[in-house]
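Asker: Can you read through this structure? Questions will come right after.
The values are calculated or read from the model by the stated rules, or taken from the named source; none is laboratory data. Quick caveat, the model's predicted, so the values are computed rather than measured. With ideal geometry, Cβ positions are generated from the backbone for all residues, glycine too; neighbour counts draw on all protein chains shown.
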Amino acid sequence: MSARVVRLGLRANLAQFSLLVAVNALVGGMLGQERTVLPLLAEQTFGLTGYTFLLTYVLAFGLTKATANYLAGTLSDRYGRKPVLLAGWLIAIPVPLMLIWAPSWGWVVAANVLLGVNQGLTWSTTVIMKIDLAGPARRGLAMGLNEAAGYLAVAATALATGYLAAEHGLRPAPFLLGLAYAALGLGLTVFAVRETRDHAHLEAGGRHDPHALLTDRQVLARTSLRDPALSSASQAGMVNNLNDGLAWGLFPILFAGAGLSIAQIGVLAAVYPAVWGLGQLVTGPLSDRWGRKHLITAGMLLQAAALALTAVATTFTAWLIAATLIGAGTAMVYPTLLAVIGDVAHPTWRARAVGVYRLWRDGGFAVGALLAGTVADLWGLRAAVWVVAALTAVSGLIVAIRMYETHTPAHRRDRTDERTG
């Protein structure tokens, strides 16, 4: 049998790219099973009252996902992408079962440790694989499709679990969806997903970069601090997920305290990631045309304004508008930050740079859990939202001042690799 021809570009790799989009939707569904139900489970089933203690599950998830992101990048370069993706799905299987049977809050925290590892390994790897396949010309579009699939699945599952919980109780019905997602994701990875590391090697063959061979420590330093674009993206990613941790852990409690029903809370929990997911189908390609920097800056400032609206709102309609605006701002930022990493990082260390970026980005879950929980315990839920809104505005200004544009007109004209597909 002849060796498989490796080509770059979305058209040349459409079948495999589409499969990976579907796989990432399942990854998002695993996260979505918790969005509506778990904060309510904490209060109503386990009787948790302290916000900081309640957010321990977000903290556990954030720390383990951030670490798994970093490992996913390093292991993908060393052993290939598919084995890392497979490991992530194997770790997913016990998560919904532990949530269904949890006799104490410690079980929920343990399940979120495993969920964090699952999300870090699977989501990071699908990002890396899509960047491998797409080539340089359509990187924003590729990331928009990847993140849209994941977060639309988060939204759909959050909505579905809200209605399941309203009709059948908080357990076990909502978490049976997660069990189905894990089984399907594992099966697709085993039988249909193909390795993409050779695509990165092909792209690297045409690039002459004196800094192509970097150690893990050098990649960490460059992505975290030294390169203005990479480090600006890392801090913006962290603040963005700090927002998401706040929305995940405290918004349902804020809404419930105002008298909203479980079904209404489910709608609000779904609208934010739904707008986020759908919006990325537009913002990803736009960043390929307009560039990355200004889209990121505007998105962070829009999120800050929407969080301020959330802090002052008291009605379902006002919170619905705020959730829509937060989703729109996040859509402007999320795929564009990943495209920045793909623009700047050389293919020989790009997977590791993605891992470092996602280490910082998903560390935002942990920072958000500690910060928002502490402020909420001391001064109330609305004070926590105000603090996060201020941090988000500062993050947007850092991008405006420090980041350089990574996708210039000259880059957009360079479509040689894409045309080979």
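The rows are residues; the columns are (1) modelled with pLDDT of 90 or more; (2) in contact with a Ser or Thr (Cβ under 8 Å, 6 or more places away or on another chain); (3) within 22 Å of residue 174 (Cα to Cα).
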| position | (1), (2), (3) |
| --- | --- |
| 26 | yes, no, yes |
| 36 | no, yes, yes |
| 49 | no, no, no |
| 55 | no, no, yes |
| 72 | yes, yes, no |
| 85 | yes, yes, no |
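Asker: For residues in the stretch 113-157 being in a helix (DSSP H, G or I) and among the basic types (Lys, Arg), which is nearest to the chain's Cα centre (by Cα)?
Answerer: The selected residue is 130.
Asker: Given the conditions (1) under 28 Å from residue 274 (Cα atoms); (2) of a type outside the set (A, V, I, L, M); (3) touching a Lys or Arg at 6+ places or on another chain (Cβ under 8 Å), report the number of the one that residue 88 does not fulfil.
Answerer: (3)
Asker: Ok, one more. Of the residues 221, 263, 298, 256, which single one is in contact with a helix residue (DSSP H, G or I) (Cβ under 7 Å, 6 or more places away or on another chain), aliphatic (A, V, I, L, M) and either surrounded by 24 or more Cβ atoms within 10 Å (Cβ to Cβ) or under 25 Å from residue 360 (Cα atoms) (or both)?
Answerer: Testing whether each residue is in contact with a helix residue (DSSP H, G or I) (Cβ under 7 Å, 6 or more places away or on another chain), aliphatic (A, V, I, L, M) and either surrounded by 24 or more Cβ atoms within 10 Å (Cβ to Cβ) or under 25 Å from residue 360 (Cα atoms) (or both) leaves just 298.
Asker: Evaluate the following for residue 144: is it buried (at least 20 other Cβ atoms within 10 Å of the Cβ) and touching a Phe, Trp or Tyr at 6+ places or on another chain (Cβ under 7 Å)?
Answerer: For residue 144, the condition - buried (at least 20 other Cβ atoms within 10 Å of the Cβ) and touching a Phe, Trp or Tyr at 6+ places or on another chain (Cβ under 7 Å) - is not met.
Asker: Moving to a separate point now. Among the residues that make up the stretch 59-81, is at least one of them within 21 Å of residue 247 (Cβ to Cβ) and of a type in the set (Ser, Thr, Tyr)?
Answerer: Yes - at least one qualifying residue is present in the stretch 59-81.
Asker: Separate question: In the stretch 320-351, what count of residues is obtained for those that are buried (at least 24 other Cβ atoms within 10 Å of the Cβ) and in contact with a Phe, Trp or Tyr (Cβ under 8 Å, 6 or more places away or on another chain)?
Answerer: 9
Each row is one residue, and each column tells you yes or no for (1) of a type in the set (Phe, Trp, Tyr); (2) closer than 22 Å to residue 129 by Cβ; (3) not in a helix (DSSP H, G or I).
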{"position": "63", "(1), (2), (3)": "no, no, no"}
{"position": "70", "(1), (2), (3)": "yes, yes, no"}
{"position": "75", "(1), (2), (3)": "no, yes, no"}
{"position": "78", "(1), (2), (3)": "no, yes, no"}
{"position": "85", "(1), (2), (3)": "no, yes, no"}
{"position": "89", "(1), (2), (3)": "yes, yes, no"}
{"position": "97", "(1), (2), (3)": "no, no, no"}
{"position": "100", "(1), (2), (3)": "no, no, no"}
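Asker: Okay, next question. When both residues are 6+ apart or on different chains and their Cβ atoms are under 8 Å apart, which pairs have a first residue that lies in the stretch 134-157 and is at positive phi, and a second that is charged (D, E, K, R)?
Answerer: Short answer, once both residue conditions are applied: 135/203; 135/417; 135/418.
Asker: I'm checking my understanding of the structure. Among residues of the stretch 147-163 that are of a type outside the set (Gly, Ala, Ser) and under 15 Å from residue 264 (Cβ atoms), which one is surrounded by the fewest Cβ atoms within 10 Å (Cβ to Cβ)?
Answerer: Per the criteria, the residue is 163.
Asker: Just to check your reading of the model, which residue among 299, 277, 368, 373 is at pLDDT 95 or above and either assigned to a helix (DSSP H, G or I) or among the acidic types (Asp, Glu) (or both)?
Answerer: That would be 299, the only listed residue that is at pLDDT 95 or above and either assigned to a helix (DSSP H, G or I) or among the acidic types (Asp, Glu) (or both).
Asker: Could you list, in sequence order, all residues of the stretch 354-392 that are of a type in the set (Phe, Trp, Tyr) and in contact with a Ser or Thr (Cβ under 6 Å, 6 or more places away or on another chain)?
Answerer: Result: 357, 360.
Asker: Every residue in the stretch 93-112 that is free of Cβ contacts under 8 Å to residues at least 24 places away in the same chain and either under 18 Å from the mean Cα position of the chain (by Cα) or within 30 Å of residue 197 (Cα to Cα) (or both), please.
Answerer: Result: 94, single match.
Asker: What pairs come up if the first residue lies in the stretch 285-311 and is touching a residue at least 40 places away in the same chain (Cβ under 8 Å), the second is surrounded by fewer than 19 Cβ atoms within 10 Å (Cβ to Cβ) and not in a helix (DSSP H, G or I), and their beta carbons are under 6 Å apart, counting only those six or more places apart or on different chains?
Answerer: Note: pairs meeting the criteria are 291/405; 293/405.
Asker: Could you check the stretch 285-303 and list, in sequence order, the residues that are of a type in the set (D, E, K, R) and within 18 Å of residue 148 (Cα to Cα)?
Answerer: Within the stretch 285-303, the subset of a type in the set (D, E, K, R) is 288-289, 292-293.
Correct list: 288, 292.
Asker: Just give me the residues in the stretch 162-206 being over 15 Å from residue 81 (Cα atoms) and outside any helix (DSSP H, G or I), in sequence order.
Answerer: Within the stretch 162-206, 169, 170, 171, 172, 206 qualify.
Asker: Restricting attention to the stretch 31-61, which residues are of a type in the set (S, T, N, Q), touching a residue at least 40 places away in the same chain (Cβ under 8 Å) and either outside any helix (DSSP H, G or I) or over 23 Å from residue 161 (Cβ atoms) (or both)? Lay out the reasoning, then the answer.
Answerer: First, pick out the residues of the stretch 31-61 that are of a type in the set (S, T, N, Q): 33, 36, 44-45, 49, 52, 56.
Retained after the next criterion (residues that are touching a residue at least 40 places away in the same chain (Cβ under 8 Å)): 33, 36, 44-45, 52, 56.
36, 45, 52, listed by residue number.
Asker: Is it the case that residue 105 is of a type outside the set (S, T, N, Q) and touching a Gly at 6+ places or on another chain (Cβ under 7 Å)?
Answerer: no
Asker: Next question. Please pick out the residue among 237, 291, 259 that is more than 30 Å from residue 77 (Cα to Cα) and among the small types (Gly, Ala, Ser).
Answerer: Selected residue: 259, the only one of 237, 291, 259 that is more than 30 Å from residue 77 (Cα to Cα) and among the small types (Gly, Ala, Ser).
Asker: Right, here's the next one. So if I check each of 382, 361, which one is assigned to a helix (DSSP H, G or I), at negative phi, under 15 Å from the mean Cα position of the chain (by Cα) and basic (Lys, Arg)?
Answerer: One residue alone meets the criteria, 361.
Asker: Do we have residue 196 as within 15 Å of the chain's Cα centre (by Cα) and within 19 Å of residue 25 (Cβ to Cβ) here? Spell out the reasoning first.
Answerer: On the way: within 15 Å of the chain's Cα centre (by Cα): no; within 19 Å of residue 25 (Cβ to Cβ): yes.
Criteria not met by residue 196.
Asker: Evaluate the following for residue 173: is it out of contact with any His (no Cβ under 8 Å at 6 or more places or on another chain), crowded, with 20+ Cβ neighbours inside 10 Å, at negative phi and modelled with pLDDT under 90?
Answerer: Criteria not met by residue 173.
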